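The structure under discussion appears below in the form of structure tokens.
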Amino acid sequence: MEEIRGVPTWQEELASLVDAGLRYDGAPIDFTAATESGSKRSGFMSVDGSGSEAKETLKDQVTGFMTSWGEMLVDLSRGCKDIVQQTVVTDDSFVVRKLGKPAAKVSKKLSFMNDFLPEDRDPIHAWPVIFFVFLLALAALSFSPEQDRPVPVITKLRIHPTGATRVQLPDGRYVAYQELGVSAERARYSLVTPHSFLSSRLAGIPGVKKSLLEEYGVRLVSYDLPGFGESDPHRGRNLSSSASDMINLAAAIGIVDKFWLLGYSTGSMHTWSAMKYFPDKIAGAAMVSPVINPYEPSMAKEEMVKTWEQWLTKRKFMYFIARRFPILLPFFYRRSFLSGKLDHLDQWMSLSLGEKDKLLLKDPTFQEFYQRNVEESVRQGITKPFVEESVLQVSSWGFTLSEFRTQKKCTTNGVLSWLMSMYSEAECELIGFRKPIHIWQGMDDRVAPPSMSDYISRMIPEATVHKIPEEGHLSFYFFCDDCHRQIFYALFGEPKGQLEKAKETLVETEAHKDTTSSTTTTKE
């Protein structure tokens, strides 16, 4: 029988397998055996004698899985990007209609930052990368591999029992104050001092000796600003109300004559306000390291540059927040001095201190005073008074320092009166704060830089500025006996001691005799 052509015989199939590199080993041929890669072919062996292919390892499987997964994520991100471009960032989308114009304004204001990029970099792609790298660098800097460094001891702030002397003001609020030195009856001079930021009535003149106060006959009065220490808060505090509080306090505690003012650091702005609104009640003013509004428009460009370059970046940022976004200040205050834990002054206030100031911070006497003063300052645990102080410092004060300059003011009711005033002094008067103004400025002060005192001297030529070489913001004022004596001598001259009660009694006796003699004469 002839074989059907087109269908290979078994001999031809066997020959084709031999030609393909395989040979028959005598085992029965299983045509149902699996032919997948890596499995053994039943009944056949490779020509070189190996019976199977290389097996795939776990590492290869994981690598293939991750590669496939990465390709899927790339495709998914491209799809999401296409969806966002087609639906969200189109001109007709709700997001673009509402946020397009504000975003364009912000982008225009920040476009100057693109000048810092290379010309071949697209800002849209470059700035997100820079921001992401910045976050990574910040995270790396916050992580320290040192495991054996000492852990700082956390000191907790304590709440002390109340016990301050308080007086009630005309509006019903109570103000806490402290008196040092001689009594009211024997005081030759009354000196009132408002405290600075993160301070209280306990500061006064830090470390001043009672013997010095008695030698000059000084009654030193320090008080808590509204919301600090044991003083009641004020609903709408400003510099005008601050001046009124000072005058009302002086009247309530029996200061009937003119009194002197002493302002330190940010406390100086309350001194300026009392000089502005109640000049007739003030005998003179002294300021140590005075702080002015760093945004004062009348400052020269050089003065402003020298002022800002002395401050740390964080301090500049806090000034910016106080001026533009004061609502954010409580967030920072609750994590610093209102957290219930005590930290170094330069850390809390972001201060850059000189060498003498750094040495003072390590003094145990200063540390004890500083802790007790801060504990009293934050007694009420509220952020409002601290926010008010910060905002007052960087806001318009309602007056300029040039108003304290001695100037000639002439009454002119017309052109004729104006012409007559040019040749006659009869209708002219001198205005301004015509009382002594003394300022002490440490030349190594980086908190209230010397440029601020230069500005004050330029605005008020009559002010006496004492420039102290190598002194900082704290070193000239805190626990410095010679410094305190210098201040008193500049204000009061040679010490004359306190008033004697015997003289007052003698005056009262003579007045009584005069009254008796006049009565006798009337009877005759």
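The values are calculated or read from the model by the stated rules, or taken from the named source; none is laboratory data. All values reported here derive from a predicted model rather than from experimental measurement. We place every Cβ from the backbone using ideal geometry, glycine too, and count neighbours over all the protein chains shown. Just the protein is used for accessible areas: all its heavy atoms, side chains included, with ligands, DNA and RNA removed. Shrake-Rupley method; radii C 1.70, N 1.55, O 1.52, S 1.80 Å.
Numbers at a glance
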{"item": "Residue within the range 464-478 that is touching a Pro at 6+ places or on another chain (Cβ under 6 Å) and modelled with pLDDT of 95 or more present", "result": "yes"}
{"item": "All positions within the range 63-89 that are open to solvent by 80 Å² or more (accessible area, probe 1.4 Å) and acidic (Asp, Glu)", "result": "Glu71, Asp75"}
{"item": "Contacts under 8 angstrom Cβ, first residue in the range 270-284 being at positive phi and of a type outside the set (Gly, Ala, Ser), partner at pLDDT 95 or above and surrounded by fewer than 21 Cβ atoms within 10 Å (Cβ to Cβ), 6 or more apart", "result": "none"}
{"item": "So Gly267, is it in contact with a Ser or Thr (Cβ under 8 Å, 6 or more places away or on another chain), of a type outside the set (S, T, N, Q) and assigned to a helix (DSSP H, G or I)", "result": "yes"}
{"item": "Residue list for the range 212-239, restricted to those being open to solvent by 40 Å² or more (accessible area, probe 1.4 Å) and over 26 Å from Leu491 (Cβ atoms)", "result": "Asp232, Pro233, Arg235, Gly236, Asn238"}
{"item": "Close pairs (6 angstrom Cβ cut-off, 6 or more residues apart or separate chains): closer than 7 Å to Arg219 by Cα in the range 179-199, assigned to a strand (DSSP E or B) and modelled with pLDDT under 95 anywhere", "result": "none"}
{"item": "Yes/no for Phe366 being without any contact (Cβ under 8 Å) to a residue 24 or more places away in the chain and over 14 Å from Lys156 (Cα atoms)", "result": "no"}
{"item": "Criterion violated by Ser200 - all others in (1) crowded, with 23+ Cβ neighbours inside 10 Å; (2) touching a strand residue (DSSP E or B) at 6+ places or on another chain (Cβ under 8 Å); (3) of a type in the set (Ser, Thr, Tyr); (4) closer than 23 Å to Val374 by Cβ satisfied", "result": "(2)"}
{"item": "Failed item, numbered, when Gly181 is tested on (1) surrounded by 22 or more Cβ atoms within 10 Å (Cβ to Cβ); (2) in contact with a helix residue (DSSP H, G or I) (Cβ under 9 Å, 6 or more places away or on another chain); (3) closer than 18 Å to Gly267 by Cβ", "result": "(3)"}
{"item": "Filter result (crowded, with 17+ Cβ neighbours inside 10 Å and part of a helix (DSSP H, G or I)) within the range 362-383", "result": "Phe366, Phe369, Tyr370, Asn373, Val374, Glu375, Glu376, Ser377"}
{"item": "Tally of residues being part of a helix (DSSP H, G or I) and hydrophobic (A, V, I, L, M, F, W, C) across the range 294-327", "result": "9"}
{"item": "Which listed residue is at pLDDT 75 or above and surrounded by 10 or more Cβ atoms within 10 Å (Cβ to Cβ), from Pro102, Pro161, Pro128", "result": "Pro128"}
{"item": "Count - residues of the range 328-361 that are in a loop (DSSP other than H, G, I, E, B), surrounded by fewer than 15 Cβ atoms within 10 Å (Cβ to Cβ) and without any contact (Cβ under 8 Å) to a residue 12 or more places away in the chain", "result": "2"}
